[in-house]
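**Student:** This structure is in structure tokens; I'll ask about it shortly.
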Amino acid sequence: MSLPDQPAARHRSVAATFSEHVAGVEDWDAPAPVPGWRARDVVGHLTRWFPEFLRPDGLELPPGPDDSVDPVGAWEHLRNQVQELLEGPESRRSFSHPELGTMPLEVAVDRYYTPDVFMHTWDLGRAAGQDVQLDEDYSAELLAGLDRMDDALRASGQFGPRVPVPADAPVQERLAGFIGRDPFWRR
């Protein structure tokens, strides 16, 4: 199955999959594959960094529930806010970020936020002890794009050291290894 190409539709699909995993979390304090993180920290990362990402351009999302108290509510609030941005007139407005330049808002969301939700779906699912099956085509697309920027990404501190994974491993495992996760990590 391939994800839609349009930013709003792709976000809706990726966020729905993340929401399925959110709904299945029984222990929000369970360790996650990201060193030092718990399940709730995966949601907290998304609900905190994206509003900060928008702020330099003057975009403010209405605050939602505290992710440390209500991770489900915080996630659903953010999910709905982002979907409204992508489906509304703001989606095609010019968005400027000091480190990334200027582009349509929907492109910025699709290029930076939606992939982050997609990749953190694996982290949350694993923290919850769930089976995670990421879309293979999108995993391959992300891996190819990220691989071209490997040196810059490592230097930025956004990704940990690459975890060695066999070249013939499934693409989901190679993507997890690229972003610094042990693809065989289990709770």
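**Student:** Specify the residue that is farthest from residue 71 (Cα to Cα); the eligible residues are those in segment 1-11 that are of a type in the set (A, V, I, L, M) and crowded, with 17+ Cβ neighbours inside 10 Å.
**Tutor:** 3
**Student:** Could we say that residue 23 is touching a residue at least 12 places away in the same chain (Cβ under 8 Å), surrounded by fewer than 16 Cβ atoms within 10 Å (Cβ to Cβ) and among the hydrophobic types (A, V, I, L, M, F, W, C) here?
**Tutor:** yes
**Student:** Also, quick follow-up: If the Cβ limit is 7 Å and pairs must be 6+ apart or interchain, which residue in segment 57-73 that is farther than 18 Å from residue 121 by Cα pairs with which residue that is aliphatic (A, V, I, L, M)?
**Tutor:** 61/54; 64/74; 64/78; 65/74; 66/74
**Student:** Still on this model: Mind checking which residues of segment 134-187 are of a type in the set (D, E, K, R), more than 22 Å from residue 49 (Cα to Cα) and without any contact (Cβ under 8 Å) to a residue 24 or more places away in the chain?
**Tutor:** 141, 148, 151, 162, 168, 173
**Student:** Got a sec? Which of 14, 43, 69 is surrounded by fewer than 16 Cβ atoms within 10 Å (Cβ to Cβ) and among the aliphatic types (A, V, I, L, M)?
**Tutor:** Unique residue meeting the criteria: 69.
**Student:** Would you point out which residue out of 79, 38 is under 30 Å from residue 127 (Cβ atoms) and out of contact with any Pro (no Cβ under 9 Å at 6 or more places or on another chain)?
**Tutor:** Exactly one of 79, 38 is under 30 Å from residue 127 (Cβ atoms) and out of contact with any Pro (no Cβ under 9 Å at 6 or more places or on another chain), namely 79.
**Student:** Of everything in segment 35-48 that's within 13 Å of the chain's Cα centre (by Cα) and touching a residue at least 24 places away in the same chain (Cβ under 8 Å), which residue is nearest to residue 61 (Cα to Cα)?
**Tutor:** 47
**Student:** Consider segment 90-109. How many of its residues are under 20 Å from the mean Cα position of the chain (by Cα) and among the β-branched types (Val, Ile, Thr)?
**Tutor:** 2
**Student:** Could I ask something else about it? In segment 134-159, what count of residues is obtained for those that are surrounded by 14 or more Cβ atoms within 10 Å (Cβ to Cβ) and out of contact with any Lys or Arg (no Cβ under 7 Å at 6 or more places or on another chain)?
**Tutor:** 12
**Student:** Could you grab me the full set of residues in segment 93-107 that are in contact (Cβ under 8 Å) with a residue 12 or more places away in the chain and either out of contact with any Leu (no Cβ under 7 Å at 6 or more places or on another chain) or among the β-branched types (Val, Ile, Thr) (or both)?
**Tutor:** Answer for segment 93-107, where residues must be in contact (Cβ under 8 Å) with a residue 12 or more places away in the chain and either out of contact with any Leu (no Cβ under 7 Å at 6 or more places or on another chain) or among the β-branched types (Val, Ile, Thr) (or both): 96, 97, 98, 100, 104, 107.
Throughout, read-outs are computed from the coordinates displayed, never taken from laboratory work. Keep in mind the model is a prediction, meaning the values are calculated, not measured. Quick reminder, even Gly has a Cβ in these numbers, built from the backbone with ideal geometry, and neighbours come from all protein chains shown.
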